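The values are calculated or read from the model by the stated rules, or taken from the named source; none is laboratory data. Note that the coordinates shown come from a computational prediction; the quantities given were computed from them, not determined experimentally. Please note: Cβ atoms are built from the backbone with ideal geometry, for glycine as well, and neighbour counts cover all protein chains shown. Areas reflect the complete protein model, heavy atoms only, side chains present, ligands, DNA and RNA absent. Shrake-Rupley method; radii C 1.70, N 1.55, O 1.52, S 1.80 Å.
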Amino acid sequence: MDLISTTPALRDACAKLATQPFVTVDTEFMRETTYYPKLCLIQMAGPDETAVLVDPLAKDIDLKPFLDLMADEGVVKVFHSARQDLEIIWLMGGLLPQPFFDTQVAAMVCGYGDSVSYEQLVNDLAKAKIDKSSRFTDWSRRPLSEAQLAYALSDVTHLVKIYEVLAGELLRTDRGAWLDEEMGVLTSPETYRADPELAWRRLSGRMRKPREIAVLTEVAAWREREAQSRNVPRGRILKDEAVIDVATSAPRSVEALGRLRTIPAGFERSRTGADILAAVERGFVRDLAEISMPERARGRSGGNGALVELLKVLLKAVCENEGVAPKIIATVDDLEAVAEDDSADVPVLHGWRRSLFGEKALALKHGRLALSAEGGRIVVRDLV
């Protein structure tokens, strides 16, 4: 198939797809050497067997027709594992597709396991095979090979059947509303705004001291701003382990910075070294009373380890019985929160998750429910 490389051709293709009830979408991109993803290819297909490959690197092409299609509320946009694709669309046009459907999330609701792969769904639902030999090729080089184009096309043509099967299953089981919360997160602009002031959250781990978090906040924010302004990966500025090392050690002199084993020799006397020390100082002048400690850092009350393990067993038993992936119902953090507090503000104690699992978790915690093993399966029994 030829690549669409002109705006008029793209406009015509998008106009045709806009007449369909849904369109499947995928992208190929590169970000190994950049902070922001470099869009290299757009793939789309409709249920009428229309299939489109778009070259966003073509000279003078305007992607507005594609963005208009993504914003068209009369067409469902179908992706698989959409987060990075949606990030690209957000960065390009400041919009997120509506209405939107993620087949990976839908598959979890339908019992295909946690983070089910596209290849597995193609095998199971579309009864087809994918040649993955082109998966990790350089999508920015031109011309693209026939193998690359065929692989890219398969990412959206098979998705048509997958969507139809999963949408039908959700309708049959009346679980469509279960997707709303997950889809809401994926289509929220906040999910894709890389705020430097929040960069510390992905590195906080088990840090328990407010001063460590204060320094981490400043150093991580400095690194994020540098990476964004230079459009390079965060690790090119300073590796994660070095940021954590600086936060926990809090060096306040060139010599102290140079003694950290994660800091390359001589780095401490560079401009970057001076920036790191300045960030550390900003961390030291922050008001510790205003530091927001991560949930894990606050520590759970002692003695709940065995209860959390029982809740994990209950979760697995409920998920096996209901045919839904555990990941979409509760995380380990959620279970720890429930073990500590009946009123914890976690998803598993709200909405359909509470009805499906949360109430059972509280019943187990308070001795109103029991677990037993029968015939190799866990059986859940009410005690009152």
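Laid out as a table, the results:
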quantity: Boolean, residue 97 is open to solvent by less than 20 Å² (accessible area, probe 1.4 Å) and in a loop (DSSP other than H, G, I, E, B); calculated: yes
quantity: Residue satisfying condition, being assigned to a helix (DSSP H, G or I) and either in the same structural domain as residue 363 (by the TED database) or modelled with pLDDT under 95 (or both), within set 338, 324; calculated: 338
quantity: Any pair with Cβ under 9 angstrom, 6 or more apart, that starts in the stretch 269-289 at a residue that is assigned by the TED database to the domain that holds residue 235 and farther than 12 Å from residue 211 by Cβ and ends at one that is open to solvent by 80 Å² or more (accessible area, probe 1.4 Å) and at pLDDT 95 or above; calculated: 277/252; 281/252
quantity: Sole residue being part of a helix (DSSP H, G or I) and in the same structural domain as residue 94 (by the TED database), chosen from 241, 181; calculated: 181
quantity: Checking residue 130 against (1) at pLDDT below 95; (2) open to solvent by less than 40 Å² (accessible area, probe 1.4 Å); (3) under 23 Å from the mean Cα position of the chain (by Cα), the condition it does not meet; calculated: (3)
quantity: Condition check for residue 208: in the same structural domain as residue 284 (by the TED database) and at pLDDT 85 or above; calculated: no
quantity: Some residue of the stretch 292-303 being part of a helix (DSSP H, G or I) and surrounded by 18 or more Cβ atoms within 10 Å (Cβ to Cβ); calculated: no
quantity: Residue pairs meeting the criteria (Cβ under 8 Å; at least 6 apart or on separate chains; first over 13 Å from residue 244 (Cα atoms), in the stretch 208-226; second among the basic types (Lys, Arg) and open to solvent by 10 Å² or more (accessible area, probe 1.4 Å)); calculated: 224/234
quantity: Flag for residue 147 being under 30 Å from residue 355 (Cα atoms), surrounded by fewer than 18 Cβ atoms within 10 Å (Cβ to Cβ) and modelled with pLDDT under 95; calculated: no
quantity: Condition broken by residue 118, with the remaining ones in (1) more than 15 Å from the chain's Cα centre (by Cα); (2) under 30 Å from residue 332 (Cα atoms); (3) of a type outside the set (Gly, Ala, Ser); (4) open to solvent by 40 Å² or more (accessible area, probe 1.4 Å) satisfied; calculated: (4)
quantity: Complete set of residues in the stretch 106-129 that are closer than 30 Å to residue 184 by Cβ and assigned to a loop (DSSP other than H, G, I, E, B); calculated: 110, 111, 112, 113, 114, 115, 116, 117
quantity: Top-ranked residue in the stretch 1-19 [being surrounded by 18 or more Cβ atoms within 10 Å (Cβ to Cβ) and within 28 Å of the chain's Cα centre (by Cα); ranked as nearest to residue 64 (Cα to Cα)]; calculated: 14
quantity: Qualifying positions in the stretch 54-84 - open to solvent by less than 10 Å² (accessible area, probe 1.4 Å) and charged (D, E, K, R); calculated: 77
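Residues are listed down the side, and each one gets a yes or a no for (1) polar (S, T, N, Q); (2) in contact with a Cys (Cβ under 6 Å, 6 or more places away or on another chain); (3) assigned to a strand (DSSP E or B); (4) not assigned by the TED database to the domain that holds residue 146:
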{"site": "11", "(1), (2), (3), (4)": "no, no, no, no"}
{"site": "19", "(1), (2), (3), (4)": "yes, no, no, no"}
{"site": "26", "(1), (2), (3), (4)": "no, no, yes, no"}
{"site": "35", "(1), (2), (3), (4)": "no, no, no, no"}
{"site": "49", "(1), (2), (3), (4)": "no, no, no, no"}
{"site": "52", "(1), (2), (3), (4)": "no, no, yes, no"}
{"site": "60", "(1), (2), (3), (4)": "no, no, no, no"}
{"site": "68", "(1), (2), (3), (4)": "no, no, no, no"}
{"site": "81", "(1), (2), (3), (4)": "yes, no, no, no"}
